[in-house]
């Protein structure tokens with residue numbers, strides 16, 4: 001961070017991002033009193049920033065307004081909040097600027113050469129944010145950490161020796177060591193297979209094709225909502241391995257689909273709040289929000305101009321909802337962010353493996369429905385990026401999290417079973433013993449040692 005050329009009494013604060021070959025510019029207005037939209041000094045400063053934006057061809061900037069408190073909270077939102085900005089309120093405020101500014105003659109000429117459409121474009125492209133002094137402290141801290149960031153970037157852009165020590169990475173997959181013993185075929189009575197899933201969850205290990213249903217669930221254990229769609233008198237039991245070989249296609253999608261759904265079923269059965277959802281055409285597992293949290297609490301939240309909702313200190317627990325030792329849901333007030341797990345069964349040769357893909361998705365109510373998509377989802381993903389929740393260390397944590405939720409870790413040194421009846425269980429095991437003879441540095445100390453041309457000593 002550096003202080004750039006001053007304009008209208010305010011200097012640009014520049015944060016460099018060498019990894020992205022770009023700079024981010026901030027302009028700061030500070031007040032040590034309660035700030036009103038109609039404060040004379042603020043009107044003059046905002047007018048000058050508007051003029052500067054209109055005449056500049058430089059990069060966009062963020063205009064941060066620091067104050068102890070803000071008057072007319074709702075009007076701030078109606079004018080500056082990106083998603084709920086109201087044209088009538090903006091026009092009224094633009095006219096106030098025009099009438100009340102105390103610019104010099106040259107600045108007044110420039111202001112009058114612009115119009116309301118220019119002001120609207122200014123509000124759309126310049127992020128004008130309310131912020132407390134904590135954020136100002138963060139900018140100072142960023143300045144202090146920038147040298148470290150540039151040094152770290154230098155490490156990855158020049159050739160350095162690795163650490164000559166063994167590492168043990170955790171693969172994001174396990175082998176299905178034992179497949180189910182049996183599969184049943186029954187004549188389907190469903191006019192369309194969609195009718196079945198209107199009354200049954202999609203994670204059930206069943207498959208409809210050519211007037212038949214294939215099932216890893218014994219007919220005697222099928223729920224009534226499923227039995228009504230098949231003729232149980234036609235049920236035939238087959239040895240699962242022989243059935244696979246008789247399909248004539250070792251890569252039959254029925255096999256993979258059935259195994260995949262059995263893994264999804266495992267996740268739902270293991271945890272009360274784990275649900276299987278269909279999101280963007282794929283089956284994913286999420287943990288629902290805990291409805292017990294916040295029901296008897298008077299929720300107090302502070303809203304920023306950016307639209308983000310931050311919990312107050314008294315309500316901090318509701319921001320991050322943990323489940324079995326991991327943050328599974330983040331409550332941002334306007335949305336819920338869920339860490340999802342997506343088991344994907346793949347076949348290589350005659351072996352089947354379970355891979356676990358992870359990521360974040362957003363819902364309105366935290367229950368696994370009312371998904372958020374489009375521009376709003378993009379904004380929420382950007383918020384995750386700002387909090388480093390999409391970077392590699394967090395992605396590793398996400399995989400460890402879902403590996404634990406699905407019980408795949410139980411396969412270390414043995415086998416992990418998928419629930420079933422008798423021989424219908426599936427078991428996992430580590431696919432291979434993976435280890436590395438060389439590894440990257442674990443921390444800043446090891447990185448600095450390598451950059452100095454020295455050897456990292458194992459302690």
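The values are calculated or read from the model by the stated rules, or taken from the named source; none is laboratory data. What you see is a predicted model, and the numbers here were worked out from it, not measured in a lab. We place every Cβ from the backbone using ideal geometry, glycine too, and count neighbours over all the protein chains shown.
Taken over segment 237-252, the criterion of being touching a strand residue (DSSP E or B) at 6+ places or on another chain (Cβ under 7 Å) and closer than 19 Å to residue 425 by Cα is satisfied by 237, 238, 239, 240, 243.
Residues that are farther than 27 Å from residue 401 by Cα and outside any loop (DSSP other than H, G, I, E, B) were ranked within segment 262-318; the one that is modelled with the highest pLDDT is 314.
Could you give every pair whose Cβ atoms fall below 7 Å, whose first residue belongs to segment 369-386 and is assigned by TED's automatic domain parsing to the domain that holds residue 339, and whose second residue is in a helix (DSSP H, G or I), counting only separations of at least 6 or pairs across chains? Close Cβ pairs (under 7 Å, with a partner that is in a helix (DSSP H, G or I)) amount to 372/380.
The lone criterion from (1) over 30 Å from residue 276 (Cβ atoms); (2) modelled with pLDDT under 70 left unmet by residue 455 is number (2).
So which residues in segment 209-220 are on the phi < 0 side of the Ramachandran plot and out of contact with any helix residue (DSSP H, G or I) (no Cβ under 9 Å at 6 or more places or on another chain), if there are any at all? Correct list: 212, 220. Reported count of residues in segment 74-90, each being surrounded by 13 or more Cβ atoms within 10 Å (Cβ to Cβ) and closer than 14 Å to residue 121 by Cα, is 7.
Taking the criterion of being over 18 Å from residue 39 (Cα atoms) and over 43 Å from the mean Cα position of the chain (by Cα), the residues of segment 81-107 that qualify are 105, 106, 107.
Counting the residues of segment 356-365 that are assigned to a loop (DSSP other than H, G, I, E, B) and either within 30 Å of residue 174 (Cα to Cα) or not assigned by TED's automatic domain parsing to the domain that holds residue 281 (or both) gives 0.
For residue 128, the conditions (1) modelled with pLDDT of 70 or more; (2) in the same structural domain as residue 37 (by TED's automatic domain parsing) are fulfilled apart from (1). Looking at this structure, is residue 27 modelled with pLDDT of 85 or more and under 16 Å from residue 125 (Cβ atoms)? No.
The set of residues in segment 353-383 being over 19 Å from residue 402 (Cα atoms) and touching a helix residue (DSSP H, G or I) at 6+ places or on another chain (Cβ under 9 Å) consists of 371, 372.
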